[in-house]
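J.: Quick one: structure below, then a few questions.
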Amino acid sequence: MKDATEVFDNWAIIGKDEGMEKGHAAAVTEMLEFIAQKRTDSFTAIDIGCGNGWVVRKLSDFPNCTHAIGIDGAEAMIAKAKNIDAEGDYRLVVLPEYQLEEKVDVIHSMEFIYYLHDPAQMLNIIHNHWLNSGGLVVFGIDFYAEHKRSHEWPGLLDVHMTLHSEEEWLALWKNAGFIDITSWRANPSADFPGTLVITGRKS
Ligand SMILES: C[S@@+](CC[C@H](N)C(=O)[O-])C[C@H]1O[C@@H](n2cnc3c(N)ncnc32)[C@H](O)[C@@H]1O
């Protein structure tokens, strides 16, 4: 199987990142609204698996967001992000092997975590080393057990994806130490059960 970052590097080169941005926008809008409700004080943020950086720029637009970082392992995605926003903080990083020097208050991630072979390890790292006390995580997941049509994606893309049910994902959040865990299905339609959004807080 190919590395996810290799596949998405190619997607950025051929412009498929823009379709992805459009496809994810409605769910991400709900996720950003959740952040806006929960964080009325000033905060710093990271978008993990940021692609071309479109959510980093949305986070930077929050009047109370003092700094937003984008992290992605696909070279062409990060190059595109820097090309659009030369002042932005976009980092070419393949996860989970990365030591973040500064802790942040909010971690957003759309359609990234299941590309990892061990999502629990990443959630532990985020909880223990990346988040400030009281920090918030908001993750969107379209590949999950109850979304039956998504099960063909690993074969179609020839990329590893870790499949869990909503209940199993929630258990991973709990086991990593998050509290105040919530979930909902964002932007559902007739043939799509919606993006599984999971949120949590570090005590
Ligand atoms: C489905 S795309 C989503 C991009 C963006 N969040 C969006 O909604 O447009 C997944 C992104 O995660 C990145 N990614 C996947 N596995 C990664 C890893 N191990 N380390 C860093 N980035 C990774 C890919 O390069 C890709 O840009």
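The values are calculated or read from the model by the stated rules, or taken from the named source; none is laboratory data. Just so it is clear, the structure is predicted and the values come from calculations on it, not from any experiment. Cβ atoms come from the backbone with ideal geometry, glycine included; neighbour counts cover every protein chain shown. Accessible surface areas use protein heavy atoms only, side chains included; no ligands, DNA or RNA. Shrake-Rupley method; radii C 1.70, N 1.55, O 1.52, S 1.80 Å.
J.: What are the residue pairs meeting all of these: first residue in the stretch 33-52, first residue closer than 20 Å to Asn10 by Cα, second residue among the hydroxyl-bearing types (Ser, Thr, Tyr), Cβ atoms under 6 Å, and 6 or more apart or on different chains?
T.: Ile48/Ser109; Gly49/Ser109
J.: Further question on the same structure: Given the criterion within 15 Å of the chain's Cα centre (by Cα) and open to solvent by less than 50 Å² (accessible area, probe 1.4 Å), identify the matching residue among Ser183, Ser150.
T.: On the way: Ser150 fails: within 15 Å of the chain's Cα centre (by Cα).
Just one listed residue meets the conditions, Ser183.
J.: Here's another thing I want to ask about it. Does any residue of the stretch 70-78 turn out to be in a helix (DSSP H, G or I) and buried (at least 23 other Cβ atoms within 10 Å of the Cβ)?
T.: Step one: list which residues in the stretch 70-78 are in a helix (DSSP H, G or I), which gives 75-78.
Going one step further and asking which of them are buried (at least 23 other Cβ atoms within 10 Å of the Cβ), we end up with 77-78.
Yes, because at least one residue in the stretch 70-78 is in a helix (DSSP H, G or I) and buried (at least 23 other Cβ atoms within 10 Å of the Cβ).
J.: If I ask for residues that are near the ligand (Cβ under 9 Å from one of its atoms) and either at positive phi or hydrophobic (A, V, I, L, M, F, W, C) (or both), which ones from the stretch 1-26 would you list?
T.: Residues satisfying the conditions are Ala4, Val7, Phe8, Trp11, Ala12, Met20, Ala25.
J.: Next up: Being within 12 Å of the chain's Cα centre (by Cα) and either crowded, with 22+ Cβ neighbours inside 10 Å or of a type outside the set (S, T, N, Q) (or both) is true for just one of Gly88, Gly140, Gly135. Which residue is that? First the steps, then the outcome.
T.: Working: Gly88 fails: within 12 Å of the chain's Cα centre (by Cα); Gly135 fails: within 12 Å of the chain's Cα centre (by Cα).
The conditions single out Gly140.
J.: On the given criteria, is Ser60 away from the ligand (no atom under 13 Å from the Cβ) and farther than 16 Å from Ser109 by Cα? First the steps, then the outcome.
T.: Working: away from the ligand (no atom under 13 Å from the Cβ): yes; farther than 16 Å from Ser109 by Cα: no.
When the stated conditions are applied, Ser60 does not pass them.
J.: Moving on to the next point. Regarding Ala81, is this residue assigned to a helix (DSSP H, G or I) and either more than 8 Å from the ligand (Cβ to nearest atom) or on the phi > 0 side of the Ramachandran plot (or both)?
T.: On the way: assigned to a helix (DSSP H, G or I): yes; either more than 8 Å from the ligand (Cβ to nearest atom) or on the phi > 0 side of the Ramachandran plot (or both): yes.
So Ala81 fits the description; yes.
J.: So for the stretch 56-72 (the condition being of a type in the set (S, T, N, Q) and over 23 Å from Ser133 (Cα atoms)), does at least one residue qualify? Reasoning before the result, please.
T.: Just the residues of the stretch 56-72 that are of a type in the set (S, T, N, Q), to begin with: 60, 64, 66.
Still in the list and also over 23 Å from Ser133 (Cα atoms): none.
No: zero hits.
J.: Could you check the stretch 63-88 and list, in sequence order, the residues that are closer than 20 Å to Lys103 by Cα and among the aliphatic types (A, V, I, L, M)?
T.: The answer is Ala68, Ile69, Ile71.
J.: Give the stretch 94-124 a look and list any residue that's out of contact with any Phe, Trp or Tyr (no Cβ under 7 Å at 6 or more places or on another chain) and buried (at least 18 other Cβ atoms within 10 Å of the Cβ), or say none.
T.: First, the residues of the stretch 94-124 that are out of contact with any Phe, Trp or Tyr (no Cβ under 7 Å at 6 or more places or on another chain): 94-99, 101-102, 108, 110-112, 115-122, 124.
Selection gives Leu95, His108, Met110, Glu111, Phe112, Tyr115, Leu116, Pro119, Met122.
J.: Additional query: Could you tell me whether the stretch 166-175 includes any residue that is open to solvent by less than 20 Å² (accessible area, probe 1.4 Å) and in contact with a Phe, Trp or Tyr (Cβ under 6 Å, 6 or more places away or on another chain)? First the steps, then the outcome.
T.: In the first step, residues of the stretch 166-175 are kept if they are open to solvent by less than 20 Å² (accessible area, probe 1.4 Å); the result is 169, 173.
From the residues that got through so far, the ones that are in contact with a Phe, Trp or Tyr (Cβ under 6 Å, 6 or more places away or on another chain) too are none.
Scanning the stretch 166-175, I find no residue that is open to solvent by less than 20 Å² (accessible area, probe 1.4 Å) and in contact with a Phe, Trp or Tyr (Cβ under 6 Å, 6 or more places away or on another chain), so the answer is no.
J.: Somewhere in the stretch 8-19, is a residue open to solvent by less than 20 Å² (accessible area, probe 1.4 Å), more than 18 Å from Leu157 (Cα to Cα) and in contact (Cβ under 8 Å) with a residue 24 or more places away in the chain? Even if it seems obvious, please write down each step before you answer.
T.: Going residue by residue through the stretch 8-19, those that are open to solvent by less than 20 Å² (accessible area, probe 1.4 Å) are 12, 17.
Narrowing the set further to residues that are more than 18 Å from Leu157 (Cα to Cα) leaves none.
No: the stretch 8-19 contains no residue that is open to solvent by less than 20 Å² (accessible area, probe 1.4 Å), more than 18 Å from Leu157 (Cα to Cα) and in contact (Cβ under 8 Å) with a residue 24 or more places away in the chain.
J.: Moving on. Have a look at Thr40, Thr66 and point out the one that is over 15 Å from the mean Cα position of the chain (by Cα) and not in a strand (DSSP E or B). Steps first, answer last, please.
T.: Values: Thr66 fails: not in a strand (DSSP E or B).
Selected residue: Thr40, the only one of Thr40, Thr66 that is over 15 Å from the mean Cα position of the chain (by Cα) and not in a strand (DSSP E or B).
J.: While we're on this one: If a residue has to be within 14 Å of the ligand (Cβ to nearest atom) and either of a type in the set (Val, Ile, Thr) or open to solvent by less than 10 Å² (accessible area, probe 1.4 Å) (or both) to count, how many in the stretch 35-50 make the cut? Show your work before the answer.
T.: Here is the first cut: in the stretch 35-50, the residues within 14 Å of the ligand (Cβ to nearest atom) are 45-50.
With the extra rule that they be either of a type in the set (Val, Ile, Thr) or open to solvent by less than 10 Å² (accessible area, probe 1.4 Å) (or both), the set shrinks to 45-48, 50.
Of the residues in that region, 5 qualify.
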